[in-house]
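The values are calculated or read from the model by the stated rules, or taken from the named source; none is laboratory data. Everything quoted here is computed from the prediction, not taken from an experiment. Cβ atoms come from the backbone with ideal geometry, glycine included; neighbour counts cover every protein chain shown. The area values use the complete protein model at the heavy-atom level, side chains included, leaving out ligands, DNA and RNA. Shrake-Rupley method; radii C 1.70, N 1.55, O 1.52, S 1.80 Å.
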Amino acid sequence: MEKNDCDETTASFSIGGEKEKLVEPERLSAPPDHEDAKDRSIHDNKEEEHRREKNKSNEADLGSNFQNFFQEIDRFANEISNAKNNRDPEGNPPDIPSYVEKFEAILEGEITKFDSCKDHGVKWSRDFNEDSAKLLEGIGKVSMLNDALGSCMLNPKYTSLINRTGNLMQQAMVFLEEEFRSLMEDCLGIVGDSCAVVAASDLKKKQSSFKSTSTEMADRCIIQESDSGNMTEGSFPTYSPEIISRLNMMAKVMISGGYETECCQAYSIVRRHWFEDSLVKAGFEKISIEDVQKMNWEPLEGEIATWIKASKLCITSYFSGEKKLSEAVFSDHPSISRSLFGNLAGGIVIQLLNFAEAVAMTKRSAERLFKFLDIYETLRDLIESMDRLFQGWESSPELKSETASTRCRVGEAAVSIFSDLENSIKADSGKTPVPGGAVHPLTRYVMNYVKYACEYKDTLEQVFQENQNSENSHTIHRSDNQMETNHNRAEEKHPSPFAVKLMMVMDLLDSNLEAKSKLYKDPSLSYIFLMNNGRYIMQKIKGSAEILNLLGDTWRRKRSSNLRQYHKNYQRETWSKVLGCLKDEGLQQGKGSIVKPLLKERFKSFNSMIDDIRKTQSLWVVSDEQLQSELRVSITAVVIPAYRSFLGRFQQYLAPGRQTEKYVKYGPDELETAIDELFDGTPTSMAKKKT
């Protein structure tokens, strides 16, 4: 075909027009090889004259309205069907009208012309107009005629027509399959909400205009660049409503013509390639189980984050968009639509599950818990979306079951990892005390870990509950919507499995700290250590409503009581001896008489104790400002009034001057200042104080 024929493609299918495409005439006998050039010229002229005469005959038979042609084909097909059903009085198939052969020849020529124009960059499905719609309708008529001729297979007079129609049908369907695939590959773009996939009700409206002869059908497919890796959540690259209408009509013709398999294969291949490319652009690629298990945690953590991103794209956008697309393209065949979407999305789900399974099989360590929980939550969301997306798909129960199994295995790994926290606490049996009685690194690690873990409280509640159910012989199968967390469970007689596990962790931590407190030779410092760690634990719990909810007020009140007892024990160990120096016992000898040597010894002991306390306890660490202040205030409230009273009663019995300076080393204000210097973690100057 010459290139100018391709330029005329969009206007050449109307019969009787200036650019009519007519049936190829029967060829005249070729001139003998021995004819000279003059005879050949005469022969060619006769052949051309024969062609013109036959074309005039076709125009006279068919007229200028191509719709009449379709009506005649419909009538002939109905006559065949009526004869088959014995509705025809004669009971015999009708004779074959001459226009049938002419129609098929014209249609074959048009298909050949459109097909050959692809070499020049002209695509029938892209440059769609009135003649394109007629060609598609014409292929539909051939399909209908081919079905009707199926009842005439044994009739000799139909043999030639059956063969010719079958060949034309195959040619037409191959042509449509290529155009269908090409249209899907070339016309994909990101369409906003205003151009979303058309609903089934709107599609019928589009189809009526698709079949019309209005020139408004002429449009062009604009290819838009898309990068699914940069897509915002909720966007889905699809096709314009016009393109979807064309795909829908082409699919309908192919399926009614018995080419359902070819149509579905073309659709599935294009959509699967797009889906896989989109996941790759999002950063997720297929990784074997062996490769996952060989990966170090840092790169694997990145792969998990990418997997979560890709999975959420599928859940929030891709699956629902893909479902709408298949429903729109195959709106006349809902079972096909469900099957195509189910097979496509199911394959993607299996790919996602394989990665999650591989991660669940990797080495388990504490830092991996949170990524495992992220995977668990993603799989949980995937299962919830399946009820909505895969409804009616025959393989949906099996896929949902497999997804639930993968989620359970990830959950079991999460339970195992969290439970290993107990082993980590037990294994921390260091014999070196923390300087200054400060918060132990184990306390910081455990409480930060627990606080972060409890941000996944609802998920951990579900994970531990499912794990307990699986371990019980009388497992009760409950759906996910029955696994909602009861926020008051920690206060119930039967706390949740996760709350029980958390209490066990806290009890183990308490026992470990008690053991570590005994590493200090000074009992006072051991109580400072317990206070520091106890206060740190309580502050973490107060700062997390999730932890407090799980442990409950009873647990919190008990730990608060323990803290108060540590405080009392510290004061008793440190300051009871100091206060013993300020007692009157043994100082008075009869009325108004004082035992001065004993009084001097009392002052000397008091000064020595205060010096020792300042020297040691100024190096002790109480990093919590509130606890530090509470300790200083409580000490001051006990010591300063007793010291003021003692000075007021007995300082007069010391000779003024050097003797007073020697035995009264601290004034009340100076003593209060010395107390305020305790627990700073820094050495204190021991310079002499004057009253």
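Being under 22 Å from S424 (Cα atoms), out of contact with any Leu (no Cβ under 9 Å at 6 or more places or on another chain) and either open to solvent by less than 10 Å² (accessible area, probe 1.4 Å) or outside any helix (DSSP H, G or I) (or both) is the requirement here; does L519 meet it?
yes
Every residue, every condition in (1) among the aliphatic types (A, V, I, L, M); (2) more than 45 Å from the chain's Cα centre (by Cα); (3) surrounded by 20 or more Cβ atoms within 10 Å (Cβ to Cβ), yes or no:
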site	(1), (2), (3)
F498	no, no, yes
M503	yes, no, no
D507	no, no, no
E514	no, no, no
Y527	no, yes, yes
W575	no, yes, no
L579	yes, yes, no
Q589	no, yes, no
Query raised in the report: What are the pairs, 6+ residues apart or on separate chains, where a residue within the stretch 336-364 that is more than 24 Å from Y376 (Cβ to Cβ) has its Cβ under 8 Å from a residue that is open to solvent by less than 20 Å² (accessible area, probe 1.4 Å) and of a type in the set (D, E, K, R)?
Result: L340/R271; F341/E322; L344/R271; L344/E322
Report summary line: Output for Cβ contacts, cut-off 8 Å, separation at least six or different chains, first residue aliphatic (A, V, I, L, M) in the stretch 313-326, second crowded, with 19+ Cβ neighbours inside 10 Å and outside any helix (DSSP H, G or I), reads L313/A282; L325/V197; L325/T238; L325/Y239
Query - the stretch 621-664 - residue that is within 30 Å of I537 (Cβ to Cβ) and not in a helix (DSSP H, G or I) and, of those, most open to solvent (accessible area, probe 1.4 Å) - result: S623
Requested in this report: Kindly indicate the residue of the stretch 102-137 that is at pLDDT 70 or above, out of contact with any Phe, Trp or Tyr (no Cβ under 7 Å at 6 or more places or on another chain) and among the small types (G, A, S) and also nearest to L161 (Cα to Cα) among those meeting that condition.
Outcome: A105
Query raised in the report: Using beta carbons and a limit of 8 Å, which pairs, at least six apart or on different chains, have the first residue in the stretch 548-569 and open to solvent by less than 30 Å² (accessible area, probe 1.4 Å) and the second one hydroxyl-bearing (S, T, Y)?
Result: L550/S496; N569/Y527
Query raised in the report: What are the residues in the stretch 290-312 that are more than 16 Å from S365 (Cα to Cα), touching a Phe, Trp or Tyr at 6+ places or on another chain (Cβ under 9 Å) and not aromatic (F, W, Y), if any?
Result: E303, T306, K309, A310, S311
Report summary line: The correct count of residues that are of a type in the set (D, E), at pLDDT below 50 and outside any loop (DSSP other than H, G, I, E, B) in the stretch 455-502 is 2
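Return the residues of the stretch 426-450 that are of a type in the set (D, E, K, R), at pLDDT below 95 and assigned to a helix (DSSP H, G or I); say none if nothing qualifies. If you could, list the steps in order and put the result at the bottom.
Of all residues in the stretch 426-450, those of a type in the set (D, E, K, R) come to 426, 428, 431, 444.
Adding the requirement that they be at pLDDT below 95 leaves 426, 428, 431.
Hit for the stretch 426-450 is K426, nothing else.
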Query raised in the report: Which residue pairs have Cβ atoms closer than 9 Å, lie 6 or more positions apart in sequence or on different chains, and pair a first residue in the stretch 409-429 that is polar (S, T, N, Q) with a second residue that is open to solvent by 10 Å² or more (accessible area, probe 1.4 Å) and in a loop (DSSP other than H, G, I, E, B)?
Result: S416/R364
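Within the bounds of the stretch 525-537, is there any residue that is modelled with pLDDT of 95 or more, of a type in the set (A, V, I, L, M), out of contact with any strand residue (DSSP E or B) (no Cβ under 6 Å at 6 or more places or on another chain) and under 23 Å from V500 (Cβ atoms)? Lay out the reasoning, then the answer.
In the first step, residues of the stretch 525-537 are kept if they are modelled with pLDDT of 95 or more; the result is 525-537.
From what is left, the residues that are of a type in the set (A, V, I, L, M) are 525, 528, 530-531, 537.
When the remaining residues are screened for being out of contact with any strand residue (DSSP E or B) (no Cβ under 6 Å at 6 or more places or on another chain), the result is 525, 528, 530-531, 537.
Still in the list and also under 23 Å from V500 (Cβ atoms): 537.
Yes; the residues of the stretch 525-537 include at least one that is modelled with pLDDT of 95 or more, of a type in the set (A, V, I, L, M), out of contact with any strand residue (DSSP E or B) (no Cβ under 6 Å at 6 or more places or on another chain) and under 23 Å from V500 (Cβ atoms).
Filter the stretch 241-252 down to residues that are under 18 Å from V142 (Cα atoms) and either at pLDDT 95 or above or open to solvent by 10 Å² or more (accessible area, probe 1.4 Å) (or both), then give me how many there are.
Going residue by residue through the stretch 241-252, those that are under 18 Å from V142 (Cα atoms) are 249-252.
Checking which are either at pLDDT 95 or above or open to solvent by 10 Å² or more (accessible area, probe 1.4 Å) (or both) leaves us with 249, 252.
Selection size over the stretch 241-252: 2.
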Query raised in the report: Restricted to the stretch 431-472, and to residues that are surrounded by fewer than 22 Cβ atoms within 10 Å (Cβ to Cβ) and touching a strand residue (DSSP E or B) at 6+ places or on another chain (Cβ under 7 Å), which residue is nearest to Q539 (Cα to Cα)?
Result: A438
Query raised in the report: So is F418 more than 16 Å from W307 (Cα to Cα), surrounded by 20 or more Cβ atoms within 10 Å (Cβ to Cβ), aromatic (F, W, Y) and at pLDDT 90 or above or not?
Result: yes
